Amino acid sequence: MSALLTVEDLRVRFPTRTGVVEAVRGVSFTLGRERLGIVGESGSGKSQTGRAVMGLTPAHAQVTAKRLAFDGIDLLSAPPKLRRDLRGKRIAMILQDPKYSLNPVMSIGKQIVETLQRHEKVGRAEARKRALDMLAAVQIRDPARVFDLYPHEVSGGMGQRAMIAMMLVAGPELLIADEPTSALDVTVQLEVLSILDKLVAERGMGLIFVSHDLRLVSSFCDRVLVMYAGRIVEEIAASELSNAKHPYTQGLLNCMPVIGADRHPLPVLDRKPEWAL
Amino acid sequence: MSMSDTVRMSGRRRARSRKAIAAVLQFLVVVATTYLGLLAVTFFIGRVIPIDPVLAVLGDRAPQHVVERTREAMGLNLPLYQQFFIYCQQALSGDFGTSVLTTNPVMTDIRRVFPATIELATLGTVIGALIGVPLGVLAAVKRGSIADQIVRVIGLVGYSVPIFWLALLALLVFYARLRWVAYPGRIDIVYEYTFSPITGFYLVDALWQRQWDVFRDVFRHIILPASLLGYFSLAYISRMTRSFMLNELQQEYIVAARAKGLSEARIIWAHALRNAAVPLVTVIALSYAGLLEGSVLTETVFAWPGLGLYITNSLQNADMNAVLGGTIIIGSVFIGINLLSDLLYRTLDPRTRAR
């Protein structure tokens, strides 16, 4: 499998008044057209890894890497214009909560059309048609109606589908999904996941699925990176997850209660300082 | 479209129009109550102040029976609620009585002075918004930079330096030294008798009558006071724009817009400012309403025959009819502008639209 994305020794630092905070400390992995899950608790650097690949790290942060390449393009030395052209067109990202990640004063259709018109020379009618097709592709039953709705007029699940439509309409090859279902109800989560699953398979996209939900990631992805304190502590095939060797991964797995098993007391996540070294 | 769909659609449309009617009714009720409140307050003020209207008309040497007859003629011996009713009737028909000072009906005076103030305030607000909003956006986008500091200082000076002092300074520089603008007043004496305004908005009238030399002259008179009022509102508008923009730029939808590959310019103007515009409309409208009150100090320095000057003069001469009439007009303008900004708010923000 040819590498779509190569990440070698990625570091993201935030200078603050009290010193430099390293959110990501030497992360390396490669990604083909496959599904890679990144799991870890809050602050483990999983989201910042995704944002560094997108080029959406806040301006005051420093991003360094031995190599950060997408399809042979060195992202860190690429001019800002080229990175902007890549975003949305070849690398896209789905954010966590459609309540906040969709522009509240712009209709859903307009927001989808905007992505398309940014990256392709398309006429109005053509753009509208493709946006409607995309809405249909995320299994929205009445695309013409939803096209004219505003984000506050749709449910969370519908909003997240609109988000997916907005990000996939220009046909990206790599999708970074940053906790795409964490803000949704459990029943809706599965619907959105199955839509995402289908689209990723149909279009042969590479996917980085960032989540704190180990169970979800293991069922959805091919490979899982477990991050702790800005580092990858374990890389494991999703099917092998139950055989995880690292005590942190085991800890994460043990935290999930099994129905019928003794739940008293629930295990607490172990954090050993030496893992963070 | 199937039959049932058609029925459902028309039902929805009917429900929507019913809601629209309800919204309009609600709107009217709000206007009416606010206006009634305004009338009650001015009526109350008129009764409480220690100025005897009869005395104001007759002077203090009139014989007792004349005083009593006048009191009766003015309806001042009626019960209060009847007086209030008559007062409302008169106010609603635009009759605020006669000004003691000018001996004209108050409404005639206001028709003369108010356009001068409206013209000045409108131009001032346009200047303030056209410069203040971009400055605020700049300050927010380049937060912490030199540009931000400069905008901060500009705002601070505009907001804290007394406007009459700034006005005198501006006159000294731009009129006395540089001769870029005309002397205080609305129009040159030369044109005062040849130019016959229709609406009272001189810029509009001159343009309408194609009198280019008059237009030039009026513009040279209005530009300095309008710029000063504009600077004053700019100071406020730019600060508010900056804070609204900073708030919007932190939102997740900005990250999403970046993830779509949009340019910074598009993110700032089409996404962030479009959202910031919603509260900004209220800020600009209130600042406009403030200027419409007639900025007494500016009007005094620039000998501008506006509402502020008129009311101040009336107040100093205990001309209560004029003061209360002016107050009602200003109050009405406030109500009107507030409603207008409310309407604009609704068109700008789909979340507040009645569905």
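One table, with the values for the structure above:
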item	result
Kirkwood-Stokes translational diffusion coefficient of the stretch B:3-92, alpha-carbon pairs, 10 °C, 1.306 mPa s, µm²/s	92
Trypsin sites (Lys or Arg not before Pro) restricted to the stretch A:11-69 and DSSP loop, no more than 12 other C-beta within 10 Å	A:ARG17
Residue-averaged beta-carbon neighbours from other chains (10 angstrom radius) around A:97-103	5
Rounded to whole Hz, the Karplus (6.51, -1.76, 1.60) HN-Hα couplings of the stretch A:157-173, x for glycine and proline	x, 5, x, 5, 5, 4, 4, 4, 4, 4, 7, 9, 5, 8, x, x, 9
Over the stretch B:106-352, relative contact order from alpha-carbon pairs under 8 Å, at least 6 apart, %	31
Amide hydrogen neighbours beyond the local backbone of B:VAL100, cut-off 5 Å, H modeled	B:ASN321, B:ALA322
Residue range of chain B that is longest and free of chymotrypsin sites (Phe, Trp or Tyr not before Pro) which are both DSSP loop and sparsely packed (at most 11 other C-beta within 10 Å)	B:1-179
Karplus 3J(HN,Hα) series, Hz, for the stretch B:136-149 with 6.51 cos²θ - 1.76 cosθ + 1.60 (x for Gly, Pro)	x, 4, 4, 4, 6, 5, 9, 4, x, 8, 4, 4, 4, 4
Cα shape, the stretch A:1-105, gyration tensor, a/c 1.5 rule	rounded
³J(HN,Hα), Karplus 6.51/-1.76/1.60, whole Hz, each residue of the stretch A:180-185, x for Gly, Pro	x, 10, 5, 8, 9, 5
Averaged over B:260-272, number of beta-carbon atoms from partner chains that fall within 10 Å	4
A:ARG87 long-range amide H proximity, modeled H, under 5 Å	none
Between the stretch B:60-83 and the stretch A:1-38, the alpha-carbon center distance in angstrom	89
Pairwise Lys count, chain A - Cα closer than 21 Å, eight or more residues apart or different chains	14
Computed lengthening from B:ASN247 to B:ALA56, 0.36 nm per intervening residue step minus Cα-Cα distance	63.2 nm
Size of charge dipole - the protein assembly as shown - debye, nearest 20, with Cβ of Lys, Arg +1 and Asp, Glu -1, no other charges	1180
Span from the the stretch B:211-278 Cα centroid across to the the stretch B:330-355 one, whole angstrom	19
Charge tally in the Cβ shell below 15 Å around B:ILE154, where Lys, Arg are +1 and Asp, Glu are -1, B:ILE154 excluded	+3
Per-bin percent of Cα-Cα distances, the stretch B:106-352 [10 Å]	7, 26, 31, 22, 11, 3, 0
Positive-end extreme of charge dipole, the stretch A:132-276 - chosen from A:PRO265, A:GLY204, A:SER239 (charges on Cβ)	A:PRO265
DSSP beta bridge pairing in the protein assembly as shown, given as percent antiparallel to the nearest 5	60
Mean residue ellipticity (222 nm) of the protein assembly as shown, computed from DSSP H runs ≥ 4 via -39,500 (n - 2.57), nearest 500	-18000 deg cm²/dmol
FRET efficiency, A:ASN243 to A:THR18 (Cβ-Cβ, R0 56 Å, nearest 0.05)	0.85
Trypsin sites (Lys or Arg not before Pro) restricted to the stretch A:133-217 and DSSP loop, no more than 16 other C-beta within 10 Å	A:ARG141
Per principal axis, descending, Cα span of the stretch A:98-170 in whole Å	31, 22, 18
Separation in nanometres of the label points that stand 7 Å from Cα toward Cβ, at B:ARG18 and B:TRP208	4.5
Distance between modelled label sites at B:ASN77 and A:ALA125, nm, 7 Å Cα→Cβ extension	8.3
Distance from the stretch B:26-56 to the stretch A:198-277 (C-alpha centre basis), Å	71
Size-normalised alpha-carbon gyration radius of the protein assembly as shown, reference 2.2 N^0.38 Å	1.33
Kirkwood Rh (inverse of mean 1/r, distinct Cα pairs), chain A, angstrom	19.7
Where a label projected 7 Å from the Cα of B:ARG353 along Cα→Cβ would reach, residues of the stretch A:131-168 with amide N under 15 Å	A:145-154
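Computed from the coordinates by the stated procedures, all read-outs in this text should not be read as laboratory data. What you see is a predicted model, and the numbers here were worked out from it, not measured in a lab. As a convention, Cβ positions derive from the backbone with ideal geometry for all residues, glycine included, and neighbour counts pool all protein chains shown.
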